[in-house]
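Peer 1: Take this structure, written in structure tokens, and hold onto it; I'll ask about it next.
Computed from the coordinates by the stated procedures, all read-outs in this text should not be read as laboratory data. It should be emphasised that the depicted structure is a prediction, and the values quoted were computed from it without experimental measurement. Ideal geometry is used to build each Cβ from the backbone, glycine not excepted, and the neighbour counts take in all protein chains shown.
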């Protein structure tokens, strides 16, 4: 059944893992275009994968994966999932699990803004989660960040 399979039915987590730890491969192209060498950001990394969605992403599976990753002594947890809408931080499974990881000195990284360029597409704003987002094709970056009561 889908729940018992290790297959990544969404593909995002597998994509992120290869972007991080993919080994160096020469002569790769995208449908014959841009032939060259590819590699992940840290090809010497060791990656532990914890499947939490089958295909529903249940809170108990997510928290169990955090517990397992912490017990396994990982250095970084990369979360390739998120809530569709913002959740109160004390009820946010990702915030709770990542807080426990932070207490053990483990950095948690999460992709945000996957719902497009609209305002409020960051569903988990816990300050202990390192949030990562993409920008536009023209590489324009917003350069102001205001924290606190400003």
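Peer 1: Compute the orientation-averaged projected area for segment 1-63 from the convex hull of its Cα atoms and round it to one decimal in nm².
Peer 2: Working: hull surface 22.8 nm².
Computed as one quarter of the Cα hull surface, the answer is 5.7 nm².
Peer 1: May I pose another question? Given Cα positions, please report Rg to Rh for segment 44-132, the hydrodynamic radius being the Kirkwood one.
Peer 2: My calculation of the ratio gives 0.95.
Peer 1: Ranked from highest to lowest mean number of other Cβ atoms within 10 Å per residue, what is the order of the peptides 54-65, 36-47?
Peer 2: So the order, starting with the most tightly packed, is 54-65, 36-47.
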